[in-house]
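Undergrad: The structure follows.
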Amino acid sequence: MTSSGTNPVPVGGGRAQESVSAAWELLLPAASAPARGRGRALQSALREAVRSGLLAPGTRLPSSRELAADLGVSRGLVTEAYEQLTAESYLRSGRGAGTWVSGSVRAAAGGARDLAPRAPGTLVDFRPGTPDLSLFPRGAWAATHRSVLARLPHSALGYPDPRGLPELRDALAALLTRRRGVVADPERLLVCSGVAQATTLLGFVLHGRGVRTVGVEDPGSPEHSALFASTGLAASRLPLDDEGLATEPLVRSGVRAVMTTPAHQFPTGIAYSAARRSQLLDWARDVDGVIVEDDYDGDFRYDRAPVGALQGLDPEHVAYTGSVSKSLAPGLRLGWLLAPASMTDEIVDRKRTMDLGNPAVDQAVLADFIARGGYDRQLRRCQRAYRERRDILTAALAEHFPGTEVSGIAAGLHIIARLPGRYGPEAGFAARAAGAGIALRLLSDCGTARSAGRSVSLVLGYAQLAPADITRGVRLLAEAQQGCH
């Protein structure tokens, strides 16, 4: 018998013999495994030899008696291994025809790749969006994890409420009411995998209601458009002015949903004026629309108390989103969504079908961390560090790039730096920076807006960099531009 399209290769023939011999080398450790696990180890080793291609399709295997003698194990172990792998289609056999490697198997893929966004070979990375991950409170988090896991009832390890554990929703509601001034009903609060999932949940529900276009800030976060696109919604870029999202273009666009960052606009760094916030809410009421508020770094204001969330003024027309990505770590994938009451049930249904809820233990740990004051302490720690780093960055720019204008409020994890025209054009500046090992983002990368003339406008993140690295990075950036202005 032969597999379709494959001619059997006798075990004694040339390359096949070498392949089998090499495969048996892999089987030897399994043969010396502890007696209770020897059969399973032998099956696993033989399976891997076939899957890796070391035993090629069409290779005839030794009889169970011969292989048992070669390996020094019982014939029963080999027979059982052959039978198990034949049942799984790794091997095939026929009465009186011996045992062969099946033609059904394809070589396994290589090792897992790491697709996390990184810039290999970069000396200093000024790209915005990442906090200082070394500030993550490992000790306090680990202690909380142990404490929570010890007292967590068995029932809590089942499928959770898709909205999130009640204790976390209660803790988040109290936190957001106190710190951000939102109207936070725990029954309408949804725990999700960061702002990214909150955005896609809203996108799916809006699409289901017949919406096909959503407004996004220009310039703005490129991720917003991509997330809405994944739900079938097109993004309509809407311009900003000095007070926030420009009202007249918004009205003319005809959209009924818009994504905003009013507390600290990304990337320009402005805070929406009181007048513009009121105008935006009036627009939402007039068209019966929804404003999606991305409060991505609302807790980080360094010159005064942060402006409260827009949602607190009209919770029926504002969907509020946030996460612990900037305060703790983005890898936790924990965020929240407060949606208008008219949308909540649909969002919860979508969340249920999407992933059945977030990990229960992680939610319980965050709830306890918030309730016992650990989250507030973490915010104070980060605020001190990031305020210092912002000051260091602005001072370094003033020293090495005299005439640079830093705009935006003293808040968040990034600044906008407008360099004098002599450093332009932008393409050449960016190329020289990359050549010096400096990663950065141009303001023009965040929308259709372009820098005027030869000027260079940069969106520089600083939270992830140690003070010494900030100073060194600006110095290296300046050195890379020498002779070009």
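The values are calculated or read from the model by the stated rules, or taken from the named source; none is laboratory data. This is a predicted model, so every value here is computed, not measured. A quick note on method: Cβ atoms are made from the backbone with ideal geometry, for glycine too, and the neighbour counts reach across all protein chains shown. In case anyone asks, the SASA skips ligands and DNA or RNA and just uses the protein heavy atoms, side chains included. Shrake-Rupley method; radii C 1.70, N 1.55, O 1.52, S 1.80 Å.
Undergrad: When only DSSP loop residues count, what trypsin sites (Lys or Arg not before Pro) in segment 173-225 have their Cβ near at most 14 other Cβ atoms within 10 Å? Numbers along the way, then the final one.
TA: Details: sites: ARG178, ARG179, ARG180, ARG188, ARG209, ARG212; in loops: ARG209, ARG212.
For trypsin sites (Lys or Arg not before Pro) across segment 173-225 that sit outside H, G, I, E and B with at most 14 neighbouring Cβ atoms in 10 Å, the list reads ARG209, ARG212.
Undergrad: Restricting to bridges with both residues inside segment 175-295, how much of the DSSP beta-bridge set is antiparallel, in percent to the nearest 5?
TA: On the way: 2 of 14 bridges.
Around 15 percent antiparallel, to the nearest 5.
Undergrad: Further question on the same structure: With the crude spin-label approximation of a point 7 Å out along Cα→Cβ, what separation in nm comes out for THR353 versus ARG285?
TA: 3.5 nm
Undergrad: Would you work out if segment 228-385 is rounded, prolate or oblate? Take a ≥ b ≥ c from the square roots of the eigenvalues of the alpha-carbon gyration tensor; rounded if a/c is under 1.5, else prolate when a/b is larger than b/c, oblate otherwise. Kindly include the intermediate steps, with their values, before the conclusion.
TA: Numbers: a/c = 2.09, a/b = 1.27, b/c = 1.65.
In terms of gyration-tensor shape, oblate.
Undergrad: Within the set of other residues whose C-beta is less than 12 Å from the C-beta of LEU233, count the net charge using Lys and Arg as +1 and Asp and Glu as -1. Don't jump to the answer; show the numbers that get you there.
TA: Working: positive: ARG209, ARG212, ARG256; negative: none.
So the surrounding residues net to +3.
Undergrad: Can I ask one more? Which label belongs to the value computed from this structure, given these candidates for Cα Rg over 2.2 N^0.38 Å: [x] 1.22; [y] 1.30; [z] 1.05?
TA: Correct label is [y].
Undergrad: Moving on. Can you compute the charge dipole magnitude of the chain about its Cα centre, using +1 on each Lys and Arg Cβ and -1 on each Asp and Glu Cβ, nothing else charged? Give it in debye, rounded to the nearest 20.
TA: On the way: 55 positive and 49 negative charges, 252 e Å.
For this selection, approximately 1220 debye.
Undergrad: Determine the per residue accessible area of the chain with all protein chains present and a 1.4 angstrom probe, expressed in square angstrom.
TA: I get 45 Å² per residue for this part.
Undergrad: Antiparallel versus total DSSP beta bridges in the chain: what percent is that, nearest 5?
TA: 60 percent
Undergrad: Place the peptides 281-291, 39-49, 115-125 in order of packing, highest mean first, counting for every residue the other Cβ atoms within 10 Å and averaging per peptide. Kindly include the intermediate steps, with their values, before the conclusion.
TA: Working: 281-291: 16.5, 39-49: 19.5, 115-125: 11.1.
Top of the packing list down: 39-49, 281-291, 115-125.
Undergrad: Select from segment 299-328 those trypsin sites (Lys or Arg not before Pro) which occupy a DSSP coil region and have at most 15 other Cβ atoms within 10 Å, ordered by residue number. Show your work: numbers first, answer last.
TA: Numbers: sites: ARG301, ARG304, LYS326; in loops: ARG304, LYS326.
Taking segment 299-328 and a limit of 15 other Cβ atoms within 10 Å, the loop trypsin sites (Lys or Arg not before Pro) found are ARG304.
Undergrad: Pop a pseudo-label 7 angstrom from the Cα along the beta-carbon direction at both ALA143 and ALA112 and give the gap in nm to one decimal.
TA: 3.1 nm
Undergrad: Ignoring any ligand, DNA or RNA, what whole percent of the accessible area of the chain comes from carbon and sulfur when the probe is 1.4 angstrom?
TA: Numbers: 11390 of 21960 Å².
Roughly 52 percent of what the probe reaches on the chain is carbon or sulfur.
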